[in-house]
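Written below as structure tokens is the structure these notes are about.
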Amino acid sequence: MILGKIDRYLKVTSMAPTRFGREAVRDPRLVHDLRRGREPGARMIARIEAYIAAGGTRRAAVRMRARGWSAGCSQARPVPVAW
């Protein structure tokens, strides 16, 4: 589920949900709406996953690397633990 991926990304990067939504899909209410039941379309899911895979912002990418996460794959994931 896309919300789980977003929540893990937010936790690892310490990014605010509104900032994530604004940077990933230009919608600051994205995460809030998803938590309240909004169903994203295929294009939006693809944009979100691409943003996460790219490591998001430079600041977020630095935090991810510092915490042992890789961002160069289809999903950002912790290096020592597969999920």
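With respect to residue 3, is the statement that it is more than 18 Å from residue 55 (Cβ to Cβ) and without any contact (Cβ under 8 Å) to a residue 40 or more places away in the chain true? Yes: the conditions hold for residue 3.
Residue 56 meets the conditions (1) under 13 Å from residue 6 (Cα atoms); (2) out of contact with any Asp or Glu (no Cβ under 8 Å at 6 or more places or on another chain) in every case but one. The failed one is (2).
Scanning segment 8-21 for residues that are touching a helix residue (DSSP H, G or I) at 6+ places or on another chain (Cβ under 8 Å), over 16 Å from residue 41 (Cα atoms) and not hydrophobic (A, V, I, L, M, F, W, C) turns up 9, 13, 14, 17, 18. Reported count of residues in segment 49-60, each being of a type outside the set (Ser, Thr, Tyr), assigned to a helix (DSSP H, G or I) and touching a Phe, Trp or Tyr at 6+ places or on another chain (Cβ under 9 Å), is 2.
I need the full set of residues from segment 1-46 which are in a loop (DSSP other than H, G, I, E, B), within 24 Å of residue 68 (Cα to Cα) and small (Gly, Ala, Ser), in order please. Within segment 1-46, 14, 16 qualify.
Every read-out reported here was derived from the displayed coordinates using simple, explicitly stated rules and does not represent laboratory data. Owing to the predicted nature of the structure, the values given are computational and were not obtained by experimental measurement. Glycine also receives a Cβ, built like all others from the backbone with ideal geometry; neighbour counts cover every protein chain displayed.
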